[in-house]
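Heads up: the structure comes next, in structure tokens.
The values are calculated or read from the model by the stated rules, or taken from the named source; none is laboratory data. All values reported here derive from a predicted model rather than from experimental measurement. All Cβ positions, even for glycine, are placed from backbone atoms using ideal geometry, and neighbour counts span all protein chains on display. Quick note on the areas: whole protein, heavy atoms, side chains included, nothing else; ligands and nucleic acids left out. Shrake-Rupley method; radii C 1.70, N 1.55, O 1.52, S 1.80 Å.
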Amino acid sequence: VQLQASGGGLVQAGGSLRLSCIASGVISSINAMGWYRQAPGKERDLVAIITPFGTTNYAESVKGRFTISGDNAKNAWYLQMNSLKAEDTAVYYCNARRYIEPPVWGQGTLVTVSS
């Protein structure tokens, strides 16, 4: 499985961005798709996760502002980010958890929120 993330950029506080992640390879091995983020000097943390059946989970800090969604037909998942704050600034990584093999990471996309 390979992941290609896109959609990062520079946005003002209060604005919106949509991140996309497209998977290729053995898609049937994936049991959950997610987004993580890593701010400078901090650990990589889970932002949101979705299963192929549509079950979602969010970090408390993004609940009500971010929405994760998936398109199984396109092997893609998305992160709609609204009401962005300066503290959302980070490199965002898409992630695919698999039933047996280790998880797979995308290359990361930078989101910068100016205050």
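Residues I50, I27 ordered from highest to lowest accessible area at a 1.4 Å probe: I27, I50.
Per-residue extension of 0.36 nm, minus the Cα-Cα distance of R18 and Q107, leaves a gain of 30.4 nm for this segment.
The 1.4 Å probe gives accessible areas that order D88, D45, largest first, as D45, D88. The packing ranking of peptides 28-35, 106-113, highest mean first, is 28-35, 106-113, where packing means the average number of other beta carbon atoms within 10 angstrom of each residue. On a per residue basis, the chain carries 53 Å² of accessible surface, using protein heavy atoms and a 1.4 Å probe.
With the cut-off at 1.5 for a/c, could you classify the range 1-50 from its C-alpha gyration tensor as rounded, prolate or oblate? Verdict is prolate for the range 1-50. Computed about its Cα centre, the charge dipole of the chain is approximately 80 debye, with only Lys, Arg, Asp and Glu carrying charge at their Cβ. Ligands, DNA and RNA left out, the 1.4 Å accessible surface of the chain is 51% carbon and sulfur atoms. Gain on full extension, evaluated as 0.36 nm per residue between L46 and N72 minus their Cα-Cα distance, stands at 7.2 nm.
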